[in-house]
Amino acid sequence: ELKVEQNPLFLSMQEGKNYTIYCNYSTTSDRLYWYRQDPGKSLESLFVLLSNGAVKQEGRLMASLDTKARLSTLHITAAVHDLSATYFCAVDLPNSGGSNYKLTFGKGTLLTVNP
Amino acid sequence: DSGVTQTPKHLITATGQRVTLRCSPRSGDLSVYWYQQSLDQGLQFLIQYYNGEERAKGNILERFSAQQFPDLHSELNLSSLELGDSALYFCASSVAAGFFNEQFFGPGTRLTVL
């Protein structure tokens, strides 16, 4: 069974600082997604990483994927308060027949950016 | 706005009752997924439909069932409700069920069982 682990689960940081959220998964996959969720709101797709070495950047967020290490990172640069949210990674794996894929989510990282 | 719609936004009901949650996927999306999110369990995948057929099952209780209709909207039926069923229920959709699986989430239905 695929396990997806994020750490840290809680992250409190000051504005202007940098930090990285890690997402480890237990079974080989070359497709990983990052989502953002604001309190009481829906999940918003941030990044889609589809191959080993993939790197995507949007504003102060940069995501990367290392399929050999089964690791994805979400790096935050010069954090601002608006980035406060819960961030989820999700890994895509096919079923045994390969005809259907299912996302497995990590528990999420609650990020709080303080002024 | 993801293009996925869910109704109702909020639902308050009593234990033992039955409710139906409705989801309309994004235009062109054939796959619909249902998730339950609660503080203690996190985000749990319940079930997936693709073009009217059930494709995958996750941690869905026997008291829960779902279906996808010919117009591709989906309904999640929850029966014999218990206090522990109180949660946020999300529907998500994607283009297909195969290679590329980026899912777009609806706004959710918050279910409160009293």
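The values are calculated or read from the model by the stated rules, or taken from the named source; none is laboratory data. On a predicted model such as this, the values are computed, not experimentally measured, just so you know. All Cβ positions, even for glycine, are placed from backbone atoms using ideal geometry, and neighbour counts span all protein chains on display.
Scan the stretch B:9-25 for residues that are within 14 Å of the chain's Cα centre (by Cα), surrounded by 13 or more Cβ atoms within 10 Å (Cβ to Cβ) and not hydrophobic (A, V, I, L, M, F, W, C) and the total you get is 4. Taken over the stretch A:83-105, the criterion of being more than 30 Å from residue B:55 (Cα to Cα) and modelled with pLDDT under 95 is satisfied by no residue. Residue B:62 meets each of the listed conditions (1) more than 16 Å from residue A:104 (Cα to Cα); (2) modelled with pLDDT under 95 apart from (2). When the stretch A:1-35 is filtered for residues that are modelled with pLDDT of 90 or more and crowded, with 20+ Cβ neighbours inside 10 Å, the ones remaining, listed by number, are A:4, A:6, A:21, A:23, A:25, A:32, A:33, A:34, A:35. So which residues in the stretch A:36-59 are surrounded by fewer than 15 Cβ atoms within 10 Å (Cβ to Cβ) and more than 14 Å from the chain's Cα centre (by Cα), if there are any at all? The answer is A:38, A:39, A:40, A:41, A:51, A:52, A:53, A:59. Would you call residue B:38 within 14 Å of chain A (Cβ to nearest Cβ) and in contact with a helix residue (DSSP H, G or I) (Cβ under 9 Å, 6 or more places away or on another chain)? Against the criterion (within 14 Å of chain A (Cβ to nearest Cβ) and in contact with a helix residue (DSSP H, G or I) (Cβ under 9 Å, 6 or more places away or on another chain)), residue B:38 qualifies.
Annotation: of all residues in the stretch A:40-60 being part of a loop (DSSP other than H, G, I, E, B) and within 11 Å of another protein chain (Cβ to nearest Cβ), the one that is nearest to residue A:88 (Cα to Cα) is A:42. For the stretch B:68-89, the candidate set comprises residues that are within 14 Å of residue B:31 (Cβ to Cβ) and not in a loop (DSSP other than H, G, I, E, B); within that set, the residue that is farthest from the other protein chains (Cβ to nearest Cβ) is B:74.
In this structure, does residue B:110 turn out to be in a strand (DSSP E or B) and either closer than 23 Å to residue B:1 by Cβ or within 12 Å of chain A (Cβ to nearest Cβ) (or both)? The answer is yes for residue B:110. Exactly one residue out of A:73, A:112, A:86, A:28 is more than 23 Å from residue B:37 (Cα to Cα), among the polar types (S, T, N, Q) and part of a strand (DSSP E or B), and it is A:73.
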